[in-house]
1. Condition check: closer than 30 Å to residue A:71 by Cβ, surrounded by fewer than 23 Cβ atoms within 10 Å (Cβ to Cβ) and hydrophobic (A, V, I, L, M, F, W, C). Does residue A:243 satisfy that?
2. Filtering segment A:126-144 down to residues that are open to solvent by 70 Å² or more (accessible area, probe 1.4 Å) and not hydroxyl-bearing (Ser, Thr, Tyr), which residue is nearest to the chain's Cα centre (by Cα)?
3. Give the residue, chosen from A:295, A:260, A:275, that is free of Cβ contacts under 8 Å to residues at least 40 places away in the same chain and farther than 14 Å from residue A:63 by Cβ.
4. Restricting attention to segment A:148-158, and to residues there that are within 22 Å of residue A:18 (Cα to Cα) and of a type outside the set (Asp, Glu), which single residue is most open to solvent (accessible area, probe 1.4 Å)?
5. From (1) open to solvent by 20 Å² or more (accessible area, probe 1.4 Å); (2) at pLDDT 95 or above, pick out the condition that doesn't hold for residue B:27.
6. Residue under question is residue B:77, and the condition is that it be open to solvent by 10 Å² or more (accessible area, probe 1.4 Å), farther than 23 Å from residue A:13 by Cα and free of Cβ contacts under 8 Å to residues at least 60 places away in the same chain; does it hold?
7. Which ones in segment B:40-81 are at the interface with another protein chain (Cβ under 8 Å from one of its Cβ atoms) and in a loop (DSSP other than H, G, I, E, B)?
Amino acid sequence: MNIGNFYALHGKIETEALSVVVSQFAPKSAANWDQIDENVDQIIARMDQAAAGFPGFDLFVSPECAFQGYHAGKWSEFLLDIDGPQVQRVKDKCKELNVWGIFNPWIKPKDGRFCDNTAILVNNEGEIVHEYVKMNPWTPGEPTQAGSACGVADGPKGAKIGIIICADGDYPEIWREAAVNGANVIVRVSHYMAPFDRAMQITNKAGAYCNQVYVVSCNTAGMDEYYNYFGESCIYNPDGTEIIQAPTGIPYVIKADLYPGIIDHMRKQAVHANPMYTYRYRGASNPDDDGYGQPNMPYNAYKY
Amino acid sequence: MFFYKIEGNPFTADMHYMHKAMAPIDYPTTKADIISKIGDEKIRVGHDAYTSVADLVSPLKKESYGCACEFYCSLFANLYKE
């Protein structure tokens, strides 16, 4: 948990346990509204299963595309209204079960734009408390409009939740952005297919370790007309070590209790392995820089 | 003062004792707060050498520290000054 830190972690840590259920399954690649409804039925059934199997859990996480799948020829004909009945059903279910949930409806924006690949965080009152639009669409195959911010929302049990979507995780800067914005848990929902199975694990682990944050990864498991979605949903410690991983390619549910307050504590009390400080104050222990380090941002990658 | 300046039979546990002394400190904090709480604590910095936390912390240029890493960076920067 505190691997990589030479120094003892001082101080009393007060944190609640965040009980997270990650459910991997496959939606139908919807070609009509009835199939959309069947996919929503499946999400609801998975939430009921979570309540049956893991009484008292706090947060339910479902994969990217769980409402609509990704029908290569027709997906753009079945975009959802954020205020529409499909999204309302999962909101109602969160309220009924008194749990929070993370879902991924592909939304038709009210301003007439084409499509936003949107992840939502619903609280236990059935309210959408956070919306995130995928900042790094899987171009060229995913022609959604790129989002412009990776915000963080207060979740249950002290969680500060950042959400990223699938290909987002291939870009190190978005993990850092969520962490800089205060995330102690980053949830990555995905519709990731072979041959990117190893890539998903590598990037999830790197995201956790490099940003000192829990990572919760929920991936589709199953097949559609084109691909094998490998599942392997996983939860990682902030040092990148694995807490639990689901099997390959089959519907499965994993659950873990996380301690978000530990992350907040480490970011304040850790001497070494405190990347959220050291990346901004490079070389701060150099006597010429006298504790201030080099505050300028020299990376061309961040200045273009 | 610390081991890297001692030749022959180096004493290597100085930072261990310093960090033990820092245990009551929660961040963010200030230089004044550290000195107020543990300034009189004696830190063993050699086989037969001791100094106080106040002596180690008072010269630091920064007055406040948002996290432990920030404090220790300031401490190390000062230790390496000639």
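1. So residue A:243 fails the test.
2. In the first step, residues of segment A:126-144 are kept if they are open to solvent by 70 Å² or more (accessible area, probe 1.4 Å); the result is A:127, A:131, A:138-140.
Within this subset, residues satisfying the condition of being not hydroxyl-bearing (Ser, Thr, Tyr) are A:127, A:131, A:138, A:140.
Details: A:127: 18, A:131: 12, A:138: 16, A:140: 22 Å.
Residue satisfying both the conditions and the ranking: A:131.
3. Working: A:260 fails: free of Cβ contacts under 8 Å to residues at least 40 places away in the same chain; A:275 fails: free of Cβ contacts under 8 Å to residues at least 40 places away in the same chain.
One residue alone meets the criteria, A:295.
4. Taking segment A:148-158 first, the residues within 22 Å of residue A:18 (Cα to Cα) are A:150-158.
Add one more test, that the residue is of a type outside the set (Asp, Glu), and what stays is A:150-153, A:155-158.
On the way: A:150: 3, A:151: 26, A:152: 44, A:153: 9, A:155: 16, A:156: 16, A:157: 68, A:158: 41 Å².
Step by step, filter segment A:148-158, then rank; the result is A:157.
5. For residue B:27, the failing item is (1).
6. On the way: open to solvent by 10 Å² or more (accessible area, probe 1.4 Å): no; farther than 23 Å from residue A:13 by Cα: yes; free of Cβ contacts under 8 Å to residues at least 60 places away in the same chain: yes.
The answer is no for residue B:77.
7. B:60, B:61, B:62, B:66, B:67, B:80, B:81
Conditions (1) in contact with a strand residue (DSSP E or B) (Cβ under 6 Å, 6 or more places away or on another chain); (2) of a type in the set (S, T, N, Q); (3) assigned by TED's automatic domain parsing to the domain that holds residue A:75; (4) open to solvent by less than 10 Å² (accessible area, probe 1.4 Å), marked per residue:
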{"position": "A:146", "(1), (2), (3), (4)": "no, no, yes, no"}
{"position": "A:161", "(1), (2), (3), (4)": "yes, no, yes, yes"}
{"position": "A:179", "(1), (2), (3), (4)": "no, no, yes, yes"}
{"position": "A:184", "(1), (2), (3), (4)": "yes, yes, yes, yes"}
{"position": "A:190", "(1), (2), (3), (4)": "yes, yes, yes, yes"}
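The values are calculated or read from the model by the stated rules, or taken from the named source; none is laboratory data. Quick caveat: nothing in here was measured; it's all calculated off a predicted structure. So basically every Cβ, Gly included, is an ideal-geometry build from the backbone, and we count neighbours across all protein chains shown. Note: areas computed on protein heavy atoms with side chains; ligands, DNA, RNA excluded. Shrake-Rupley method; radii C 1.70, N 1.55, O 1.52, S 1.80 Å.
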